[in-house]
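A.B. asks: Please find one structure pasted underneath; my questions will follow.
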Amino acid sequence: MIEIYFVNKGKTKIEENTTVLEALVRVNGNAVAGAVVAELIKENGVDVKSKLVDLDYKVKKDSVFNIIYPDGSEKASNVLNHSTSHVMAAAIRKIFPDVKFAIGPAIKNGFYYDFETSKDVSAEDLPLIEEEMKKIIKEDFKFERKEITREEARKLFRDNEYKIELINEIEDEVVSIYTCGDFVDLCRGPHIPSTGRVRAFKLLSVAGAYWRGDEKNRMLVRIYGTSFFSKEDLKKYLQKLEIAKRSDHRKIGRDLDLFSFHDEAPGFPFFHDRGRKLINIILDYWKEEHLKENYMEVSTPIILSNQLWKTSGHWDNYRENMYFVKIDEDDYAIKPMNCPGNIIIYKSNQHSYRELPVRIAELGLVHRHEKSGVLHGLFRVRSFTQDDAHIFCTEEQAEEEIGRVIDLVCRMYRVFGFDRYKVELSTRPEKRIGTDEMWDKAEDILKKAMDSRGLEYIINEGEGAFYGPKIDFHVRDCLDRTWQCGTIQLDFAMPEKFDIEYMGEDNKRHRPVMIHRTVLGSIERFLGILLEHYSGNLPPWLAPVQIIVLPISEKHHLYAEKVYNYFKKDNFRVEIDKRVESLSKKIKQAEIKKIPCMIIIGEKEEKTETITVRKKIGDDIKEIKLEKFAGEFKDIIDNKEKNY
Ligand SMILES: [Zn+2]
Ligand SMILES: [Zn+2]
């Protein structure tokens, strides 16, 4: 007899080789309904690092299980999605009998399967495959696991060179296969109990993918899909996808004429007039907040000697991501980070304890090499402006300084329209420098700063940098996606490496602590996040063009120009559209450019010396006095109001 314990459910003594499901029925029959898979936590009293198994896994040892239900967790979702990829493969085989399957994993929010077939596969085939999948789901075939030898597996998949390659890479003598209906696949598992548990799925797209991602290999067909436990969840997700497609910042960047990318410099954005204006608006606000917090602003060279990067450790740890140049006969690197430059500035003066903390900020242009395959609009680029700062302070000051940075980050996120964010604390990694005492202290400082503000955070054990723990801020956008932006890092190592000092009250030299921090992370990437968050409909204070004046016909150009000049003089970002086009066409174009405020000038407006305002959101304002509207709009801009 063995003992099985189910977390939160209870335990039972049962015969060896009983399945998890049978044991669960014994302990708590009600708990069976909806169960997806089991997570094995302990075996014979020893911790197993979370191994997922099928519900009909035969238990051989004393075990502790956690039953996974459809609770929105990634574990449940992955198993469902991967199982749906098997169902899709079974359907594809019915339609394309000569198919050879490669791999079909679960991915974030979905799954795909790569395969080879002699037929052309296009998006038009997807409904057909979905129909076939529905039949398989209706049959409610069990997912059955079988273990066979590698030799048997090679025989079973002899016509499929992809599976053979995979089998040859498996080190165990025994491999597992899964059957649902008459479809057999090489698979580690686990799976949902039966195909009937697939309730809400959708095939999304067809793409090409090289076997193993290597362009020297054969191009396979890849079909993407997604699967949920409920129809409502699927519907919500598809709506989000639709919005995400419309709010892709690369499309918005083109529509609003903000930036572009060119073959002459892959991965390096070109900012057009409006895009640069927008960045300047972000930076003006950034500078305003940093001035209040008594930061100095500096700028340091983009190209710095290799020797410096050897001292900083970047040469050893970060070289693959750096670009290098030769000047005269000497070797230089293009900076991937601003820290060493800021340290040189700190060190170029003597500092007394009275001056600390010294807060040095730099909007530094850094270059980091990224593979061409991962470049993605403004989200993944090869050069970007980091809103960096380094704070040099005493150990006693560190907690307060970190607290101030936290307040600054939260305040700035709210102004940009991100009311929701998630915070993570990454603690000491296995490979690290410094004593445990130092790490205890550093982690404690970060925790205290957050706790005293009632900030909720999760802890990522072992995810800190080798020289210190850090706090990461992830903003949550309107589509519920999170983006890592700000970070605060406590560093005891660099001050040591660069021999940084200050004069103490005792007239002796002391080592300061260094805090690395960014609020927005990369300005370019943050701009991309903002554009997607607002679907390009930026609030007036951020909009690169706030107002466009639209005369109905040529007759009104004179009065329209008067209105335009009024706004221009008052420092509004205003444009005028004097083209000989219909008003409806001009309005449509202004809508594509997502200009928050259109001012329409016609007969009536000219006669009454008023304007008519067409707002992006809310009702039009008819025939309002120019001065009155300008005053009201100015307030909205000055208060950085989000909704207009
Ligand atoms: Zn599988
Ligand atoms: Zn730094």
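The values are calculated or read from the model by the stated rules, or taken from the named source; none is laboratory data. Since the structure is predicted, the reported quantities are computational estimates derived from the model, not experimental observations. Don't worry about glycine lacking a Cβ; one is built from the backbone with ideal geometry, like all the others, and counts go over all protein chains shown. Calculation scope for accessible area: heavy atoms of the full protein, side chains included, ligands and nucleic acids excluded. Shrake-Rupley method; radii C 1.70, N 1.55, O 1.52, S 1.80 Å.
A.B. asks: Note down the net charge around ALA543, summing +1 for each Lys or Arg and -1 for each Asp or Glu among other residues with Cβ under 15 Å from its Cβ.
C.D. replies: +4
A.B. asks: To continue, here is another question. If you roll a 1.4 Å probe over the heavy atoms of the protein chains, what accessible area per residue do you get for region 58-148, in Å²?
C.D. replies: Counting only protein heavy atoms, the per-residue value for region 58-148 is 50 Å².
A.B. asks: Please work out whether region 372-514 counts as rounded, prolate or oblate from its C-alpha gyration tensor, where a ≥ b ≥ c are the square roots of the eigenvalues and a/c under 1.5 means rounded, while otherwise a/b larger than b/c means prolate and anything else oblate?
C.D. replies: Prolate shape, in that a/c is at least 1.5 and a/b is the bigger ratio.
A.B. asks: Given an 8 Å cut-off on Cα distances and at least 6 residues of separation, report the relative contact order of the chain as a percent.
C.D. replies: 8 percent
A.B. asks: Rounded to the nearest 20 debye, what is the charge dipole size of the chain about its Cα centre when +1 sits on each Lys and Arg Cβ and -1 on each Asp and Glu Cβ?
C.D. replies: 1800 debye
A.B. asks: Quick one: pull the percent of accessible area on the chain belonging to carbon and sulfur, 1.4 Å probe, ligands and nucleic acids left out.
C.D. replies: The value for the chain is 48 percent carbon and sulfur by accessible area.
A.B. asks: What relative contact order, as a whole-number percentage, does region 409-558 give when Cα pairs under 8 Å and 6 or more residues apart are counted?
C.D. replies: Dividing the mean separation by the residue count of region 409-558 yields 21 percent.
A.B. asks: Along the positive direction of the dipole of the chain (beta-carbon charges: Lys, Arg +1; Asp, Glu -1; about the Cα centre), which of THR427, VAL48, MET598 reaches farthest?
C.D. replies: After comparing all options, I get MET598.
A.B. asks: I've got another one for you. Summing Lys, Arg as +1 and Asp, Glu as -1, what charge do residues with Cβ under 13 Å from the Cβ of LYS625 carry, LYS625 excluded?
C.D. replies: -3
A.B. asks: How high is the relative contact order of region 149-197, in percent, with contacts defined as C-alpha pairs under 8 Å that are six or more residues apart?
C.D. replies: Computed value for region 149-197: 27 percent relative contact order.
A.B. asks: Another question, if that's okay. Helix-only estimate, please: 222 nm mean residue ellipticity of the chain, summing -39500 (n - 2.57) across DSSP H runs of length 4 or more and dividing by its residues, to the nearest 500.
C.D. replies: Theoretical 222 nm ellipticity from helices: -10500 deg cm²/dmol.
A.B. asks: Is there a quick way to get the dipole size of region 519-568? I mean about its Cα centre, with the Cβ of Lys and Arg at +1 and of Asp and Glu at -1; what is the value in debye to the nearest 20?
C.D. replies: Dipole size: approximately 160 debye.
A.B. asks: Taking K and R as +1 and D and E as -1, what net charge do the other residues with C-beta under 15 Å from the C-beta of ASN168 add up to?
C.D. replies: Residues near ASN168 contribute -2 overall.
A.B. asks: Does anything in region 171-208 have its amide N under 15 Å from the 7 Å Cα→Cβ label point of LEU128, and if so which residues?
C.D. replies: Within reach of a label on LEU128, which here means backbone N under 15 Å from a point 7 Å along Cα→Cβ, region 171-208 contributes 206.
A.B. asks: How many angstrom separate the Cα center of region 464-508 from the Cα center of region 18-34?
C.D. replies: For region 464-508 versus region 18-34, the Cα centre distance is 48 Å.
A.B. asks: What is the set of long-range amide H partners of SER194 at a cut-off below 5 Å, with H atoms built 1.01 Å from backbone N?
C.D. replies: Those qualifying (amide H under 5 Å, at least 5 residues apart or on another chain) are PHE143.
A.B. asks: Another one. What whole-number value in Å² describes the accessible area per residue of region 242-301 for a 1.4 Å probe?
C.D. replies: 57 Å²
A.B. asks: Identify, among ILE107, MET133, TYR69, the residue whose Cα sits farthest towards the positive end of the charge dipole of region 57-175, taking +1 on the Cβ of Lys and Arg and -1 on the Cβ of Asp and Glu, with the dipole about the Cα centre.
C.D. replies: TYR69
A.B. asks: Additional query: If the only charges are +1 at each Lys and Arg Cβ and -1 at each Asp and Glu Cβ, what is the size of the charge dipole of region 425-563 around the Cα centre, to the nearest 20 debye?
C.D. replies: 360 debye
A.B. asks: Taking amide H atoms as placed 1.01 Å from N in the peptide plane, list the residues 5 or more away in sequence, or in a different chain, whose amide H sits under 5 Å from that of ASN460.
C.D. replies: LEU425, SER426, THR427
A.B. asks: Mind running the shape call on the chain? Use the C-alpha gyration tensor, a ≥ b ≥ c as the square roots of the eigenvalues: rounded below 1.5 for a/c, prolate if a/b tops b/c, oblate otherwise.
C.D. replies: oblate
A.B. asks: Tell me, what is the 1.4 Å probe accessible area of LEU291, in Å² to the nearest 10?
C.D. replies: 130 Å²
A.B. asks: At 1.4 Å probe size, with every protein chain present, just tell me what the per residue accessible area of region 454-512 comes to in Å².
C.D. replies: 48 Å²
A.B. asks: Further question on the same structure: With a ≥ b ≥ c taken as the square roots of the eigenvalues of the C-alpha gyration tensor of region 492-644, please select rounded if a/c is under 1.5 and otherwise prolate if a/b is larger than b/c or oblate if it is not?
C.D. replies: Prolate.
A.B. asks: Additional query: Going by Cα centres, region 255-318 and region 100-120 are how many Å apart?
C.D. replies: 40 Å
A.B. asks: Here is a follow-up. Put +1 on the Cβ of each Lys and Arg and -1 on the Cβ of each Asp and Glu in region 157-298; which of SER230, TYR285, MET219 then has its Cα farthest toward the positive end of the dipole?
C.D. replies: Selected residue: SER230.
A.B. asks: So, R0 is 45 Å and r is the distance between the beta-carbons of VAL325 and LYS292; what FRET efficiency does that work out to, to 0.05?
C.D. replies: 0.75
A.B. asks: If you don't mind, another one. Given the pairs LYS277/LYS585; LYS202/LYS231; LYS251/LYS335; LYS277/LYS569; LYS94/LYS236; LYS119/LYS142, which span a C-alpha to C-alpha distance of over 20 angstrom in this model?
C.D. replies: The pairs that break the limit, which is 20 Å between Cα atoms, are LYS277/LYS585; LYS251/LYS335; LYS94/LYS236; LYS119/LYS142.
A.B. asks: Extension gain ARG218-PHE466, at 0.36 nm per residue separation less the Cα-Cα distance, in nm?
C.D. replies: 85.2 nm
A.B. asks: To the nearest 0.05, what FRET efficiency results for ASN280 and ARG579 with a Förster distance of 25 Å applied to their C-beta separation?
C.D. replies: In this case the efficiency is close to 0.35.
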